[in-house]
Structures are given as C-alpha cells and as structure tokens.
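Novice: Could you have a look at this structure, given as structure tokens, before my questions?
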Amino acid sequence: MIDRRTVLGAGLAMMAATGAEASAHAYSFDGIEGGRINLSDYRGKLLLVVNTASRCGFTNQYAGLQSLWTRYRARGLTVVGVPANDFAGQEPGSNEDILGFCSSRFGVTFPLAAKTSVIGEDAHPFYRWAARERPLDTPRWNFHKYLIGRDGRIASVFPTSVEPTDPRVLTAIERAFTAPGGTS
C-alpha cells in the first residue's frame with residue numbers, strides 16, 4: 001500500500017527541485033564583496049534585478065539604476081546588479097575590478113552580486129526561474145531588467161533598450177508599490 005504522505009512529500013520535493021512554486025524570494029546571490037544577497041530579505045518590498053556589464057554600450061545605465069535606488073530606496077525598492085560576462089565578453093574583469101569601476105565611475109551604492117551567468121546551462125538559479133516564469137522575456141543582452149513585486153513574482157520586464165529612468169519603468173514601479181500583491 002502506498003503511503004499518501006510519501007507521495008505528497010515526493011511531489012513537494014519535485015516542485016522544490018524544479019522551482020515550480022518558487023518566487024524570487026527563494027533565491028540568493030553571492031555578494032560582490034562577499035556574503036549573500038538573500039532575496040527573501042526583501043519580501044514585501046520591490047526588487048529590480050538587472051544583469052550588468054562594464055564594457056557594454058549600455059553601461060551608462062548604471063547611472064540610471066543608481067538614480068532609481070536613490071529615489072525609491074526609502075519606499076522599499078532595492079536594485080540588485082548582477083554582473084555577467086554572457087554577452088560578447090563585456091564583463092571580463094574580476095569582482096574587485098567590477099566593484100571599483102562601478103563605485104568610481106557611477107557612484108554605485110546598490111547591492112551588486114558577484115559575477116555570474118544569466119543565460120544557458122550555467123545560468124544562476126534565479127535566472128532559470130525567471131526564464132520558466134517568463135520564457136519570452138529572458139535576457140538577450142546586458143542590462144535586462146526584472147521588476148519583482150512585493151509578493152516575489154515578476155511584475156514587469158524591461159529589455160536592454162529601456163533605460164532605468166524611462167517612464168515605463170517608473171510607471172511600473174509606482175504601480176507595483178500600490179498593487180495589493182505587489183505586482184501589476
């Protein structure tokens with residue numbers, strides 16, 4: 001006779017293994033200066049997770065990301081930069097190089113993850129989850145933006161070409177602040 005608790009436990013374990021019921025809050029990144037960036041620490045707040053690169057034609061978007069962080073931090077938005085070398089080798093430096101560049105050139109103070117992959121088989125688990133949640137909205141270049149609602153679900157996605165301070169991004173952030181579940 002099959003024990004229903006065993007079957008249920010196996011099903012829940014399978015869902016956890018595949019991330020089927022996970023939200024963004026289930027994931028964390030290694031921090032660029034050590035430690036962890038636990039997305040669960042931002043439960044009930046908004047996150048803007050952006051894959052970044054220092055030698056990209058869109059690198060100046062760091063300034064816009066810092067502007068968003070400065071403008072909305074007190075209201076509960078955290079920007080998380082995720083340096084990645086996935087697109088044309090545009091983030092070749094070490095974590096120390098990346099941190100120094102972001103700090104000196106753009107005055108970045110928002111959290112930065114350690115360099116990681118955001119696409120392919122080696123993609124970070126957050127990015128694999130996001131690809132399952134929004135398969136048509138995966139990063140195709142640097143500075144792809146995921147707005148995560150207070151509930152840990154993807155509220156909006158913005159491709160590289162949309163600047164962080166674009167009215168579409170600002171409207172989505174404002175809408176996510178007021179949405180009951182945190183998404184719009």
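Computed from the coordinates by the stated procedures, all read-outs in this text should not be read as laboratory data. Since the model is a prediction, treat every value here as computed from it, not as a measurement. Cβ: placed from backbone, ideal geometry, glycine included. Neighbour counts: every protein chain shown.
Novice: Within the chain, what percent of beta bridges assigned by DSSP are antiparallel, to the nearest 5?
Specialist: Given both bridge residues lie in the chain, the antiparallel proportion sits at roughly 55 percent.
Novice: Using a Gaussian network model on the chain with a 10 Å cutoff between Cα atoms, which of 84, 113, 123 fluctuates the most?
Specialist: Highest fluctuation of the listed residues: 123.
Novice: Quick one: which residues, 5 or more positions from residue 46 or on another chain, have an amide H under 5 Å from its amide H? H modelled 1.01 Å from N in the peptide plane, none for Pro or chain starts.
Specialist: When sequence neighbours closer than 5 places are left aside, the close amide H contacts are 77, 78.
Novice: Hey, another quick one. Using only the Cα atoms of segment 101-169, build the gyration tensor, take square roots of its eigenvalues as a ≥ b ≥ c, and label the shape rounded, prolate or oblate: rounded if a/c is under 1.5, else prolate if a/b is larger than b/c, else oblate.
Specialist: Judged from the Cα gyration tensor, segment 101-169 comes out oblate (a/c at least 1.5, b/c at or above a/b).
Novice: Right, next: Would you grab the residues whose amide H sits under 5 Å from the one on residue 86? Only those 5+ places off in sequence or on another chain, please, with H modelled 1.01 Å from N.
Specialist: 118
Novice: Still on this structure, please answer the following. Test of understanding: in a Gaussian network model of the chain with alpha carbons linked when under 10 Å, which of 142, 85, 60 would top the mean-square fluctuation ranking?
Specialist: Fluctuation is largest for 60.
Novice: Additional query: Taking each pair of different alpha-carbon atoms in the chain once, compute 1/r for the pair, average those values, and report the inverse of that mean as the Kirkwood hydrodynamic radius in Å to one decimal.
Specialist: Mean inverse Cα-Cα distance, inverted, gives 16.9 Å.
Novice: Another one. Between segment 142-157 and segment 22-45, what is the C-alpha centre distance in whole Å?
Specialist: Value for the Cα centre distance between the two parts: 13 Å.
Novice: Right, here's the next one. Return 158, 143 ranked ascending by Cβ neighbour count within 10 Å, so the fewest neighbours appear first.
Specialist: Lowest to highest Cβ neighbour count: 158, 143.
Novice: Please list 3J(HN,Hα) in residue order for segment 139-144, calculated via the Karplus relation 6.51 cos²θ - 1.76 cosθ + 1.60 where θ = phi - 60°; whole Hz, with x for glycine and proline.
Specialist: Result, rounded to whole Hz: x, 10, 6, 5, 6, 7.
Novice: Compute, for the chain, the length of the dipole vector about the Cα centre, with Cβ point charges of +1 (Lys, Arg) and -1 (Asp, Glu) only. Units Debye, rounded to 20.
Specialist: The dipole magnitude comes to about 560 debye.
Novice: Quick one: which residues, 5 or more positions from residue 155 or on another chain, have an amide H under 5 Å from its amide H? H modelled 1.01 Å from N in the peptide plane, none for Pro or chain starts.
Specialist: Under 5 Å from the amide H of residue 155: 147, 148, 149.
Novice: Would you mind telling me which residue in 99, 46, 112 has the biggest mean-square fluctuation in a Gaussian network model of the chain, where springs connect alpha carbons within a distance under 10 angstrom?
Specialist: It is 99.
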